[in-house]
Amino acid sequence: MIGNRITHRRADGVRIPGTWRPAFLCNGGRYYFTDLFIYADGLIDCWGLVTIDEFEEKVRRGRVATTLPEGAEASVHELGGWTFGDPYTTLTPELLVAEVRDTIDELNGRPDTTGRCLAAVDVFLADRTEENRAAARAAYLAIPETRRHYALGDMDRKDWPLQVLLAGPGGEMAGLPGRRVTEAAYDDALAYFEERARWAAEAPSRVPADGPATPHSPAVKLHHSYPCERQDDPGTVGLRNDYPAAITVDGATYPSVAHAYWALSAADPGARAAIAAADTLHAARTLAGDTPRRADWEHLRTAVMTALLRAKYTQHPDLAEILLGTDDATLIYDEAGSPFWGDNAGRGRNWTGRLLELVRSELHARRAGIG
């Protein structure tokens, strides 16, 4: 199961998604605790990229270890080493290879052995013949044994209802030899799957209590621009920090948010006035760059920018309407030379875009009478 272990590698400029899992690699009789990296294109990095067939061969030869000999030396690179004493492992070569094959299917969005089992169960529930039950049972047994408990995604009942359903009344459960299924247990399993089907049918229309996790509006990119004067209908250009929309903050007036930001970054009050009076943003930025900056500026800048953006959209209702018109879209802000404030083709932190989304939310709240 991939979980949160997400990584990638690049091949011919293409991003290949992947994941990793711990493993012991054996080299020269010594066992090294490391990570196997598994990628969607079917390659596995175990001290070198190999295909799934080559990986299986390494497992069967013991280069990727599934048994740990008593007294063998082991180590973690640059951390330490030890000697195995009374080692124990649940893996077999077949299990490890099957788990890796499942992981490759998961990375590609294909049904893995669990997905194929659940599809076979659906076929059986729709047409409860013994032939369909046998097919579903075979699909269940094809799931790597280490993953069967999690087939239903139910951490309370595990795969118990699945085993009961596939054994049938009077049948022997796959994981418990000699354990026979009673009629009552079978009826309970049928009820479980009926409830599960009902929940699955309702899932598309079920909205999380806190609303959707992702925006429903397409992202808006605020491209770098050089607006020189106000426009009657600036569109999203009006959301740029260098757009000429004067703001007054703490009794001082600035030609734009950007002028105010650079002025307030200066340690010298006299320099702040000169920066605020600069004819262009380029001149304001140059003056700020030539002036000593406040020593604590990196701790203040996001709070200062938030205050400046609030001032802009409070003092300019027409621009606030443009910001509100972006609905719940992700705002992607380009800022040449600033990977902190700009997204910059995915290489920046996009703090301006994030703070604009915050101010937009506050405007929505104010309009709704909240806060």
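The values are calculated or read from the model by the stated rules, or taken from the named source; none is laboratory data. Since we're looking at a predicted model, the values are computed, not measured. Ideal geometry is used to build each Cβ from the backbone, glycine not excepted, and the neighbour counts take in all protein chains shown.
May I ask you to verify whether residue 109 is part of a loop (DSSP other than H, G, I, E, B) and under 31 Å from the mean Cα position of the chain (by Cα)? Break it down into steps so the answer makes sense when it comes.
Details: part of a loop (DSSP other than H, G, I, E, B): yes; under 31 Å from the mean Cα position of the chain (by Cα): yes.
Considered against the rule, which asks whether it is part of a loop (DSSP other than H, G, I, E, B) and under 31 Å from the mean Cα position of the chain (by Cα), residue 109 comes out as yes.
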Those residues of region 256-269 which are free of Cβ contacts under 8 Å to residues at least 40 places away in the same chain and farther than 19 Å from residue 290 by Cβ amount to 256
For region 310-331, which residues satisfy the criterion of being surrounded by fewer than 21 Cβ atoms within 10 Å (Cβ to Cβ) and over 20 Å from residue 212 (Cα atoms)? 310, 311, 314, 315, 316, 317, 318, 319, 320, 321, 322
Filtered residues of region 1-37 (kept if out of contact with any Leu (no Cβ under 7 Å at 6 or more places or on another chain) and under 19 Å from residue 90 (Cβ atoms)): 1, 3, 22, 25, 26, 33, 35, 36
Does region 171-180 include one or more residues that are more than 30 Å from the chain's Cα centre (by Cα) and within 17 Å of residue 128 (Cβ to Cβ)? yes
Within region 203-244, tally of residues that are of a type in the set (A, V, I, L, M), closer than 30 Å to residue 283 by Cα and either part of a helix (DSSP H, G or I) or in contact with a Phe, Trp or Tyr (Cβ under 6 Å, 6 or more places away or on another chain) (or both): 3
I want to confirm something. Restricting to region 245-279 and keeping residues that are assigned to a helix (DSSP H, G or I) and either outside the structural domain of residue 301 (by TED's automatic domain parsing) or touching a Lys or Arg at 6+ places or on another chain (Cβ under 6 Å) (or both), which single residue is nearest to residue 232 (Cα to Cα)? 257
Could you check, for region 191-204, whether at least one of its residues is without any contact (Cβ under 8 Å) to a residue 24 or more places away in the chain, surrounded by fewer than 17 Cβ atoms within 10 Å (Cβ to Cβ) and within 29 Å of residue 324 (Cα to Cα)? yes
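Limited to region 322-361, what total is found for residues that are in a helix (DSSP H, G or I) and closer than 21 Å to residue 258 by Cβ?
Adding up the residues that qualify gives 12.
Just checking, how many residues over region 342-371 are of a type outside the set (Gly, Ala, Ser) and touching a strand residue (DSSP E or B) at 6+ places or on another chain (Cβ under 7 Å)?
Here is the first cut: in region 342-371, the ones of a type outside the set (Gly, Ala, Ser) are 343-344, 347, 349-352, 354-360, 362-364, 366-367, 370.
With touching a strand residue (DSSP E or B) at 6+ places or on another chain (Cβ under 7 Å) added as a condition, the list becomes 343, 350, 352, 356-357.
Total meeting the criteria: 5.
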Could you list, in sequence order, all residues of region 97-114 that are without any contact (Cβ under 8 Å) to a residue 60 or more places away in the chain, within 14 Å of residue 143 (Cα to Cα) and not charged (D, E, K, R)? 97, 98, 111, 113, 114
Could you grab the pairs with beta carbons closer than 7 Å, sequence gap of 6+ or different chains, first residue in region 344-371 and more than 16 Å from residue 319 (Cβ to Cβ) and at pLDDT 95 or above, second one exposed (fewer than 13 other Cβ atoms within 10 Å of the Cβ) and not β-branched (Val, Ile, Thr)? 365/371
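Just give me the residues in region 16-53 being of a type in the set (Phe, Trp, Tyr) and either assigned to a loop (DSSP other than H, G, I, E, B) or not assigned by TED's automatic domain parsing to the domain that holds residue 87 (or both), in sequence order. Even if it seems obvious, please write down each step before you answer.
In the first step, residues of region 16-53 are kept if they are of a type in the set (Phe, Trp, Tyr); the result is 20, 24, 31-33, 37, 39, 47.
Hit for region 16-53 is 47, nothing else.
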List pairs: first in region 13-40 and under 12 Å from residue 103 (Cα atoms), second among the basic types (Lys, Arg), Cβ under 8 Å, 6+ apart or cross-chain? 18/9; 19/5; 20/5; 21/5; 36/21; 37/9; 38/21; 39/9
Counting only residues in region 2-31 that are farther than 19 Å from residue 64 by Cα, touching a strand residue (DSSP E or B) at 6+ places or on another chain (Cβ under 9 Å) and aliphatic (A, V, I, L, M), the one modelled with the highest pLDDT is identified as 16
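Go through region 239-254 and count every residue that is surrounded by 21 or more Cβ atoms within 10 Å (Cβ to Cβ) and out of contact with any helix residue (DSSP H, G or I) (no Cβ under 7 Å at 6 or more places or on another chain). Quick ask: steps written out before the conclusion?
Start the filter on region 239-254 by keeping residues that are surrounded by 21 or more Cβ atoms within 10 Å (Cβ to Cβ), which leaves 239-243, 245, 247, 254.
Next, only the ones that are out of contact with any helix residue (DSSP H, G or I) (no Cβ under 7 Å at 6 or more places or on another chain) stay: 240.
Total meeting the criteria: 1.
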Confirm whether residue 236 is under 31 Å from the mean Cα position of the chain (by Cα) and surrounded by fewer than 20 Cβ atoms within 10 Å (Cβ to Cβ). yes
Only one residue in 341, 297 is within 18 Å of residue 243 (Cβ to Cβ) and surrounded by 13 or more Cβ atoms within 10 Å (Cβ to Cβ). Which one? 341
